[in-house]
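The structure appears right after this line, and notes come after that.
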Amino acid sequence: VTCHAARRLLPLFTGGDLNALKMSAVAGHLAACAACQGEAEAFSAARCLLPLSSLSFGESERAQIRRRVLDEIARRRSDAPPTVAFQLRPRFALAALAGAIVLAASLVSPFFIRSAVEPAAVLPARPIPFPTPALAGERIAEAEALVPDRSTAIPRVLRAKKVPRTLAPASEKSGPAMRFEIQTGNVNVRIIWFTGGNSAGEEPSDPSGDPNDVS
Amino acid sequence: MVHGTAGGLTMAALLYGPLPEATDADSLLPLIVKARSGDAEAFESLMVATEGRVLRLAGRILGDRDLARDAAQEVFLRVFKYLRGFRDQEDFRAWLYRITVNVCRDAGRRTSRPGPRVSLEGHELEDGGTGTEASLLSRERVDAVRSALATLSPRERAALVLRDLEGLTSEEVSKVLGSRPGTVRAQVASARTKLRERLAPFFERGVRT
């Protein structure tokens with residue numbers, strides 16, 4: 001180890017911060033070099049002076065610091081809200097308000113949407129009288145059974161049924177064996193369509209059959 | 001010739017012996033657990049056990065009594081605030097040192113001074129301050145040491161204080177300062193060289209006498 005290398009390592013050597021190999025190498029050089037030995041002693045002496053920089057604090061100062069710290073902690077505790085939920089109270093209130101608005105909107109909106117899309121679905125309060133001018137006699141009750149639930153919905157069905165000749169209009173005595181009824185959205189308007197045709201005077205193929213059969 | 005460290009003991013430890021408040025981390029653990037749950041008495045006991053270290057370190061880094069007191073107060077407030085985040089397997093002393101160094105760094109920034117103040121009120125003279133030649137020499141020496149420390153950069157000063165005065169190893173200092181051990185060794189070497197140059201008149205006179 002040269003003097004230059006040894007002096008470069010002296011600051012760490014005096015603190016024991018070198019590895020064992022370098023420590024022994026520098027120590028060997030110092031044993032043989034008086035100048036570097038003096039330099040190493042200078043570093044050690046400077047380190048010995050370091051503790052003089054310390055400040056001393058009396059017990060009264062320490063107690064004062066403790067009291068200040070504890071007072072500050074107590075003050076912060078008293079100032080702080082008791083719980084996290086309380087701390088977040090404004091946010092909880094806003095969240096609850098938003099939730100209530102969403103809930104109310106979800107409950108009310110179906111009525112608005114339904115009325116906007118299907119204005120005809122708003123039913124009158126009283127039961128809908130089944131229009132029966134096309135039928136006669138005891139068939140009315142049977143025809144009424146075609147409407148599944150008159151109180152809740154207007155039937156929009158296409159019904160085709162065989163009609164006895166006696167029920168056919170007088171203008172088509174030779175006439176139609178099939179009759180189609182189309183109920184429109186308006187309960188007072190029904191489209192009745194007679195079609196097809198048997199020969200005149202021909203009886204229906206099944207006069208005792210169910211007049212409500214849909215074919 | 002005075003050698004630096006031997007077997008992990010530093011010069012300060014050899015000269016002054018173990019510090020009175022140097023409580024082992026294991027003995028502090030019950031206090032830490034209680035204080036973490038909000039026990040004010042346990043936290044006060046924890047302060048009593050560690051305030052000496054905190055005050056001394058803050059005083060050495062800041063070089064001013066008032067600043068060191070304020071820093072110690074802030075350190076314990078931060079300890080109370082962040083104690084819940086302290087893990088039991090951690091080294092409480094290193095954790096405390098880290099907080100203290102950070103508080104001192106903040107205090108140094110606030111005071112906008114590059115180095116510590118050199119306070120004349122904290123002199124402890126061996127002869128009780130009777131004004132003899134020896135006491136004047138001692139006072140002069142203390143001033144010189146504090147002035148020399150004040151000329152170091154904050155990182156060099158913190159590394160030197162932790163390594164040579166608090167007795168931490170380079171690895172422990174690196175953990176406290178958040179840097180690598182090689183960096184700490186370089187900072188310590190630079191600081192020792194500067195101190196040796198600035199204190200040369202005093203220890204040469206002391207060697208002669």
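The values are calculated or read from the model by the stated rules, or taken from the named source; none is laboratory data. As the structure is a computational prediction, the values presented were derived from the model and not from experiment. Using ideal geometry, Cβ is built from the backbone for each residue, glycine included, and neighbour counts are taken over all protein chains shown.
Observations
- Failed item in (1) modelled with pLDDT under 90; (2) surrounded by 15 or more Cβ atoms within 10 Å (Cβ to Cβ), with B:Leu19 passing the rest: (2)
- Selection over segment A:39-62 of residues that are surrounded by 13 or more Cβ atoms within 10 Å (Cβ to Cβ), without any contact (Cβ under 8 Å) to a residue 12 or more places away in the chain and part of a helix (DSSP H, G or I) gives a count of 12.
- Among residues of segment A:13-28, those that are in contact (Cβ under 8 Å) with a residue 24 or more places away in the chain and either farther than 14 Å from A:Ala40 by Cβ or among the aliphatic types (A, V, I, L, M) (or both), counted: 2
- For B:Leu199: the one exception among (1) more than 12 Å from chain A (Cβ to nearest Cβ); (2) at pLDDT below 90: (1)
- Conditions (1) assigned to a helix (DSSP H, G or I); (2) modelled with pLDDT under 90: number failed by A:Val69: (2)
- Of all residues in segment A:14-38 being among the hydrophobic types (A, V, I, L, M, F, W, C) and outside any helix (DSSP H, G or I), the one that is nearest to B:Ser170 (Cα to Cα): A:Leu18
Conditions (1) more than 10 Å from chain A (Cβ to nearest Cβ); (2) hydrophobic (A, V, I, L, M, F, W, C); (3) touching a Phe, Trp or Tyr at 6+ places or on another chain (Cβ under 8 Å), marked per residue:
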| residue | (1), (2), (3) |
| --- | --- |
| B:Val48 | no, yes, no |
| B:Glu51 | no, no, yes |
| B:Leu62 | no, yes, no |
| B:Asp66 | yes, no, no |
| B:Gln73 | no, no, no |
| B:Gly85 | yes, no, no |
